[in-house]
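Reviewing the structure listed below.
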Amino acid sequence: MHVEWTTYASPVGALTVVECEAGPLVVEFPHRAATVKWAVRLRSAIPELHIAQGPCRVTTLWLDEYFTGSARPFPFPDHLKRWFELSPAQVAVFKTLRKIPLGETRSYEDIARATRLHPRQIGWLVAANHLAILLPCHRVVGKDGSLVGYGGGLARKRWLLDHELRTAGVVLR
């Protein structure tokens, strides 16, 4: 079994990308990628795993499209269940994140209502998302619309949301 990783240079800084033959496993900001210990987690799933630096073509192509404003919706990565122990609650939250349209936001409370989970649980599960940007946790905001809690930092969250508004053709004055 083979997995490749690369560092992707994005407008919001470097991203650590890890990909298997089925698609992305990790897209994280480097400080979070180090704490995720993705190599240890992947090897615990498949001990004979070979990890090497490589192009991660599927994920980097999608990121290229996203940052140039032409991203297509990212399909839910069902292959994650093979690599990580995902609870039904995590899957529900991740699938709900995917449904937030480009340039729009939802509150933790909105996600809680959609998944029938407690808003605090939503915060923990959103924070457990290791596919930054692809599963758009940056689109989740506080109940009053304020920017709260993003693993990449609030400045990056603001940049991503502004980028999506520009992509959607919304001009703020």
Filtering the chain for DSSP H helices with an axial alpha carbon extent of at least 18 Å and a Kyte-Doolittle mean of at least -1.0 returns 154-168
For the chain, using Cα atoms only, the Rg and Dmax in Å read 15.7, 55
Computed over the range 108-173, the relative contact order (Cα-Cα under 8 Å, seq sep at least six) in percent reads 22 percent
So, over other residues within a Cβ distance under 11 Å of Ala45, counting Lys, Arg +1 and Asp, Glu -1, the net charge is +2
Straight-line reach check, Lys99, cutoff 14 Å on alpha carbons, 8 or more apart in-chain or any other chain, hits among aspartates and glutamates -> Asp110
Using the Cα gyration tensor of the range 28-117, the equivalent ellipsoid's semi-axes, largest first and to the nearest Å, work out to 26, 20, 12
GNM on the chain, Cα springs under 10 Å; top mean-square fluctuation among Val126, Val40, Val27 goes to Val40
Ordered by number, the GluC sites (Glu not before Pro) in the range 33-97 that occupy a DSSP loop and have at most 13 other Cβ atoms within 10 Å are Glu48, Glu85
Excluding residues fewer than 8 positions from Lys37 in its own chain, the lysines with Cα under 20 Å of it are Lys81
Heavy-atom accessible area per residue of the chain, all protein chains kept, 1.4 Å probe, expressed in Å², is 51 Å²
Normalised per residue, the volume inside the convex hull of the alpha-carbon atoms of the range 1-55 in Å³ amounts to 69 Å³
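The values are calculated or read from the model by the stated rules, or taken from the named source; none is laboratory data. A quick note: this is a predicted structure, and the numbers were derived from the prediction, not measured. Neighbour counts run over all protein chains shown; Cβ positions are idealised from the backbone, glycine included. The accessibility values were calculated without ligands, DNA or RNA, using every heavy atom of the protein model including side chains. Shrake-Rupley method; radii C 1.70, N 1.55, O 1.52, S 1.80 Å.
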